[in-house]
Amino acid sequence: MLLFVFTNAYAFIDRGNAIITVLDKAAGKTYTMTIPVENDVKYEKLNLNVRACKQTDPFMPENAYMFIEITNNNNEKIFSGWMNKNAPGENPLQNADYDIWLVRCE
């Protein structure tokens, strides 16, 4: 008996930095910044910590994902989850003042 097993395993490359864009809705301006993985970065009223930044391997269509935790100055969690570069609306930050999306992983 011959058995074939097909897997849908995807390979991802861990990267050390996430490049994100922050939209300040009140000021109507954007700011692009680099956040090292596992480092806390402060941007105005937000504390950002990227736990992982992964990109697809070179043999797959280009995409990147980051797991980010966002708290405010009172250390209240605003967002915790994965963001997808190619589908920023899937897991958006729900905040009245800011929008954040992943540009790429480096």
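The values are calculated or read from the model by the stated rules, or taken from the named source; none is laboratory data. A quick note: this is a predicted structure, and the numbers were derived from the prediction, not measured. Here the Cβ positions follow ideal geometry from the backbone for every residue, glycine too, while neighbour counts run over all protein chains shown. Just so you know, the surface numbers come from the protein's heavy atoms only, side chains and all, with ligands and any DNA or RNA stripped out. Shrake-Rupley method; radii C 1.70, N 1.55, O 1.52, S 1.80 Å.
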Legend entry - Looking only at the stretch 74-106, and only at residues there that are open to solvent by less than 30 Å² (accessible area, probe 1.4 Å) and in a loop (DSSP other than H, G, I, E, B), the one that is nearest to residue 41 (Cα to Cα): 93
Inset, instruction - Quick one: which residue in 71, 30, 34 is among the β-branched types (Val, Ile, Thr) and open to solvent by less than 50 Å² (accessible area, probe 1.4 Å)? - result: 71
Legend entry - Test: residue in the stretch 91-104 that is of a type in the set (Asp, Glu) and more than 16 Å from residue 23 (Cα to Cα): no
Legend entry - Candidate set: the stretch 49-68, residues that are charged (D, E, K, R) and open to solvent by 50 Å² or more (accessible area, probe 1.4 Å); chosen: the one nearest to residue 35 (Cα to Cα): 51
Inset, instruction - Working only within the stretch 80-106, note down all residues that are among the hydroxyl-bearing types (Ser, Thr, Tyr) and more than 11 Å from the chain's Cα centre (by Cα). - result: 98
Inset, instruction - Go through the residues of the stretch 31-40 one by one and say whether even a single one is free of Cβ contacts under 8 Å to residues at least 60 places away in the same chain, out of contact with any strand residue (DSSP E or B) (no Cβ under 6 Å at 6 or more places or on another chain) and not in a strand (DSSP E or B). - result: yes
